[in-house]
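Worksheet for the structure shown next.
Taken together, the values in this text are just the output of simple stated rules run on the coordinates, not laboratory data. A quick note: this is a predicted structure, and the numbers were derived from the prediction, not measured. Positions of Cβ are backbone-derived with ideal geometry, glycine not excepted, and every protein chain shown enters the neighbour counts.
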C-alpha cells in the first residue's frame, strides 16, 4: 500500500493518475465513493470500477467473491481518493481484500495534509503501508518549467512573469495554476493580444483579487 498526502490543490490525485497513465499495461481500478463510505459502498465501487456484469449482488459474500476473482485475474492498482474519510469498517474491508489475494493488493490511498494522522493511526496500515509520499507545493524556481509543461501558452511568458503569478496567487499549487490557465485562455479568446498584454491583464486580475 502507498499513502499519498499533501496540502489541498498540490496535485495529489493528478500525480497518481499521471503515473498510472504512464503505465497502461498495469490496469488501474479507481474507486468512485460517496462521502464517508461504508463497506457496502466499497463493494459497489469495486463492482463498477472492475466492470463486472450486472448490478452488484445483494449477498456480500457473492459480491466479494466476484471482486476477488476480478482482482486476482491480473495486476491492479486500486486508487482511493479522500481516504481519510474511510471508516474503520471500510479500511477493514480493504484489509480483507489485501489479505485474501496471494500477492496482496496494490492500493494508493490519497489524503489531505491535515488528515495524514488519521491514516497513520490506523493499525491496518501500520504493517501494510510500504511507502508514505508527501507532495508539496512547487518551489518558486520550478514554477516556470512546470507551468510551461502544463500548457503551451505559458511558454510565451517570462520566468519573472510566471513567478509573479505564482507568488501572488498559485503558491505552487497545481489546482490554482489550472485556474490561471483557464483565465488566461479566456482572456486570449476574447481579446487576442501580444503576449505581454494578456499576461499583464491576467496579473492585474490576480493583484486586484478578481480571480478567486
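Points to keep in mind about this one:
- Structure-based [θ]222 nm, the chain - -39500 (n - 2.57) summed over DSSP H runs of at least 4, per residue, nearest 500: -14000 deg cm²/dmol
- Acute angle (nearest 10 degrees) that the helix 174-190 long axis makes with the longest principal axis of the chain, alpha-carbon atoms: 50
- Summary value for the range 140-207: 32 percent relative contact order, contacts being C-alpha pairs under 8 angstrom separated by 6+ residues.
- 0 to 90° range, to nearest 10: angle between helix 88-100 axis and the chain longest Cα axis: 70
- For the chain: rounded, prolate or oblate by the Cα gyration tensor [a/c cutoff 1.5]: prolate
- Packing-based ranking, highest mean first, of 72-82, 104-114 given that Cβ atoms within 10 Å are counted: 104-114, 72-82
- Relative contact order for the chain, counting Cα pairs under 8 Å that sit 6 or more residues apart, in percent: 27
- Shape class of the range 17-95 from the Cα gyration tensor (axes a ≥ b ≥ c, square roots of the eigenvalues): oblate, since a/c reaches 1.5 or more and a/b does not exceed b/c.
- Equivalent-ellipsoid semi-axes for the range 59-146 (Cα gyration tensor, √(5λ), whole Å, largest first): 30, 16, 11.
- Relative contact order (percent, whole number), the range 72-166, Cα cutoff 8 Å, 6+ residue spacing: 25
- Residues 35, 115 arranged by fewest to most Cβ contacts within 10 Å: 35, 115
- Using alpha-carbon coordinates, inclination of helix 195-207 to the longest axis of the chain, degrees: 70
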